[in-house]
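For reference, the structure is listed below as C-alpha coordinates.
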Amino acid sequence: MLIVTTTGLRSALRNELLRRMTRTTLIRALTAWLLTGVVLLTLSDSILAGCPCNYTPATLIKVIDAETAWFDIQGKKTRVHLWGIHSPAKAAVEDHSPGCAAEVEQAHQAEQFVRQLLASANRIQLDIKDTKGEGKGETDTQAIIYVDGLSVGQELLYRYFAIEYGDDRSFWCKPKKQ
(Lines give C-alpha, C1' and ligand atoms only; values in the text may rest on other atoms or scores of the structure.)
Protein backbone atom coordinates (compact mmCIF):
# COMPACT_ATOMS: atom_id res chain seq x y z
CA MET A 1 0.00 0.00 0.00
CA LEU A 2 1.36 3.42 -1.03
CA ILE A 3 0.89 6.29 1.44
CA VAL A 4 1.36 9.78 0.03
CA THR A 5 1.37 12.77 2.35
CA THR A 6 -0.14 16.09 1.34
CA THR A 7 3.24 17.78 1.47
CA GLY A 8 4.81 15.05 -0.63
CA LEU A 9 2.00 15.23 -3.19
CA ARG A 10 2.25 19.00 -3.40
CA SER A 11 6.00 18.77 -3.90
CA ALA A 12 5.65 16.06 -6.56
CA LEU A 13 3.03 18.10 -8.46
CA ARG A 14 5.18 21.24 -8.32
CA ASN A 15 8.21 19.32 -9.63
CA GLU A 16 6.17 17.79 -12.46
CA LEU A 17 4.73 21.19 -13.39
CA LEU A 18 8.19 22.78 -13.48
CA ARG A 19 9.54 19.90 -15.57
CA ARG A 20 6.77 20.32 -18.15
CA MET A 21 7.07 24.09 -18.42
CA THR A 22 8.96 25.34 -21.40
CA ARG A 23 11.68 27.89 -20.98
CA THR A 24 9.48 30.59 -22.58
CA THR A 25 6.59 29.87 -20.22
CA LEU A 26 8.91 29.99 -17.25
CA ILE A 27 10.39 33.34 -18.36
CA ARG A 28 6.89 34.78 -18.87
CA ALA A 29 5.78 33.61 -15.42
CA LEU A 30 8.87 35.06 -13.74
CA THR A 31 8.52 38.36 -15.63
CA ALA A 32 4.87 38.70 -14.61
CA TRP A 33 5.76 37.90 -11.01
CA LEU A 34 8.59 40.49 -10.96
CA LEU A 35 6.46 43.20 -12.60
CA THR A 36 3.69 42.60 -10.08
CA GLY A 37 6.22 42.97 -7.26
CA VAL A 38 7.64 46.20 -8.73
CA VAL A 39 4.15 47.71 -9.15
CA LEU A 40 3.16 46.78 -5.59
CA LEU A 41 6.42 48.13 -4.20
CA THR A 42 6.02 51.39 -6.12
CA LEU A 43 2.45 51.84 -4.90
CA SER A 44 3.35 51.08 -1.30
CA ASP A 45 6.29 53.54 -1.39
CA SER A 46 4.14 56.41 -2.64
CA ILE A 47 1.46 55.61 -0.08
CA LEU A 48 4.00 55.43 2.76
CA ALA A 49 5.74 58.60 1.61
CA GLY A 50 2.49 60.52 1.94
CA CYS A 51 2.79 62.05 -1.53
CA PRO A 52 2.15 65.80 -1.17
CA CYS A 53 0.32 65.89 -4.49
CA ASN A 54 -2.60 68.07 -3.36
CA TYR A 55 -0.73 70.47 -1.13
CA THR A 56 -0.72 74.24 -1.58
CA PRO A 57 2.37 75.70 -3.29
CA ALA A 58 3.98 78.64 -1.48
CA THR A 59 6.82 81.11 -1.97
CA LEU A 60 8.94 82.18 1.00
CA ILE A 61 8.83 85.87 1.93
CA LYS A 62 10.59 85.89 5.31
CA VAL A 63 11.48 83.53 8.17
CA ILE A 64 10.44 84.90 11.59
CA ASP A 65 11.68 82.07 13.82
CA ALA A 66 12.02 78.28 13.73
CA GLU A 67 8.27 77.69 13.61
CA THR A 68 6.94 80.83 11.88
CA ALA A 69 7.47 82.32 8.42
CA TRP A 70 5.71 84.58 5.93
CA PHE A 71 4.76 83.07 2.57
CA ASP A 72 3.09 84.23 -0.61
CA ILE A 73 0.23 81.81 -1.18
CA GLN A 74 -1.60 82.46 -4.44
CA GLY A 75 -0.79 86.18 -4.25
CA LYS A 76 -1.76 86.58 -0.58
CA LYS A 77 0.78 87.37 2.17
CA THR A 78 0.27 84.68 4.81
CA ARG A 79 1.93 84.06 8.17
CA VAL A 80 2.37 80.31 8.61
CA HIS A 81 3.06 78.58 11.92
CA LEU A 82 4.36 75.02 11.83
CA TRP A 83 1.52 72.74 12.86
CA GLY A 84 2.06 70.25 15.64
CA ILE A 85 5.39 71.46 17.08
CA HIS A 86 6.89 73.96 19.52
CA SER A 87 10.43 75.28 19.48
CA PRO A 88 12.16 77.31 22.21
CA ALA A 89 11.85 81.10 22.11
CA LYS A 90 14.85 83.05 20.88
CA ALA A 91 13.84 86.11 22.93
CA ALA A 92 15.76 87.10 26.04
CA VAL A 93 14.82 84.99 29.05
CA GLU A 94 14.14 85.87 32.70
CA ASP A 95 16.62 83.29 33.99
CA HIS A 96 20.27 83.94 33.14
CA SER A 97 21.47 80.42 33.96
CA PRO A 98 23.78 78.59 31.52
CA GLY A 99 20.89 76.26 30.65
CA CYS A 100 18.71 79.14 29.50
CA ALA A 101 21.56 80.68 27.52
CA ALA A 102 22.00 77.31 25.78
CA GLU A 103 18.27 77.18 25.06
CA VAL A 104 18.32 80.64 23.45
CA GLU A 105 21.33 79.50 21.38
CA GLN A 106 19.40 76.38 20.35
CA ALA A 107 16.47 78.58 19.28
CA HIS A 108 18.83 80.62 17.08
CA GLN A 109 20.30 77.42 15.58
CA ALA A 110 16.80 76.12 14.86
CA GLU A 111 15.87 79.38 13.15
CA GLN A 112 19.06 79.30 11.09
CA PHE A 113 18.35 75.69 10.08
CA VAL A 114 14.81 76.59 8.94
CA ARG A 115 16.07 79.72 7.15
CA GLN A 116 18.65 77.69 5.17
CA LEU A 117 16.19 74.87 4.44
CA LEU A 118 13.51 77.23 3.10
CA ALA A 119 15.95 79.46 1.20
CA SER A 120 17.47 76.50 -0.66
CA ALA A 121 14.13 74.86 -1.47
CA ASN A 122 13.21 74.00 -5.02
CA ARG A 123 9.60 73.48 -3.96
CA ILE A 124 7.68 74.57 -0.86
CA GLN A 125 4.25 73.06 -0.24
CA LEU A 126 1.81 73.48 2.63
CA ASP A 127 -0.63 71.03 4.12
CA ILE A 128 -2.92 73.66 5.65
CA LYS A 129 -4.55 72.58 8.92
CA ASP A 130 -6.15 75.82 10.20
CA THR A 131 -6.60 79.36 8.88
CA LYS A 132 -7.61 82.57 10.67
CA GLY A 133 -8.14 86.08 9.33
CA GLU A 134 -9.06 85.18 5.77
CA GLY A 135 -10.21 88.16 3.74
CA LYS A 136 -8.48 90.71 6.01
CA GLY A 137 -5.38 91.18 3.86
CA GLU A 138 -3.07 89.06 6.01
CA THR A 139 -3.87 85.48 6.93
CA ASP A 140 -2.59 83.51 9.92
CA THR A 141 -2.28 79.81 9.10
CA GLN A 142 -1.22 76.58 10.81
CA ALA A 143 0.30 74.11 8.35
CA ILE A 144 2.75 71.31 7.82
CA ILE A 145 5.47 72.82 5.63
CA TYR A 146 7.13 70.56 3.09
CA VAL A 147 10.45 71.51 1.49
CA ASP A 148 11.23 69.31 -1.50
CA GLY A 149 9.07 66.59 0.05
CA LEU A 150 10.56 66.83 3.58
CA SER A 151 8.47 67.97 6.53
CA VAL A 152 10.18 70.96 8.17
CA GLY A 153 8.55 70.11 11.52
CA GLN A 154 9.80 66.53 11.41
CA GLU A 155 13.30 67.73 10.55
CA LEU A 156 13.21 70.05 13.59
CA LEU A 157 12.08 67.15 15.78
CA TYR A 158 14.83 64.86 14.40
CA ARG A 159 17.45 67.47 15.28
CA TYR A 160 16.01 68.09 18.78
CA PHE A 161 15.19 71.71 17.89
CA ALA A 162 11.50 71.24 18.77
CA ILE A 163 8.98 69.12 20.63
CA GLU A 164 5.58 67.89 19.54
CA TYR A 165 2.56 70.02 20.36
CA GLY A 166 1.06 68.90 23.64
CA ASP A 167 4.38 67.76 25.14
CA ASP A 168 5.38 69.34 28.45
CA ARG A 169 7.12 72.71 27.93
CA SER A 170 7.40 73.57 31.63
CA PHE A 171 11.12 72.76 31.61
CA TRP A 172 11.78 75.52 29.06
CA CYS A 173 13.03 78.89 30.22
CA LYS A 174 10.40 81.63 30.43
CA PRO A 175 10.83 84.53 27.97
CA LYS A 176 11.00 88.03 29.48
CA LYS A 177 7.70 89.88 29.36
CA GLN A 178 7.95 92.90 27.13
Item checked: Candidate set from the range 52-76 (those that are of a type in the set (D, E, K, R) and under 15 Å from I128 (Cβ atoms)); member that is nearest to the chain's Cα centre (by Cα) -> D72
Next item on the list: Output the residue which, of all residues in the range 50-91 that are surrounded by fewer than 17 Cβ atoms within 10 Å (Cβ to Cβ) and under 16 Å from A110 (Cα atoms), is modelled with the lowest pLDDT.
Entry: A91
Notebook entry, point to check: Does any residue in the range 88-113 that is under 21 Å from Y165 (Cα atoms) come within less than 7 Å, Cβ to Cβ, of a residue that is modelled with pLDDT under 80 and among the β-branched types (V, I, T) six or more places away or on a different chain, and which pairs are these?
Noted result: C100/V93; V104/V93
Notebook entry, point to check: Looking at E155, is it surrounded by 15 or more Cβ atoms within 10 Å (Cβ to Cβ), part of a helix (DSSP H, G or I), of a type in the set (D, E) and at pLDDT 90 or above?
Noted result: yes
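The values are calculated or read from the model by the stated rules, or taken from the named source; none is laboratory data. Keep in mind that what you see is a predicted model, and the values were worked out from it rather than measured. Cβ: placed from backbone, ideal geometry, glycine included. Neighbour counts: every protein chain shown.
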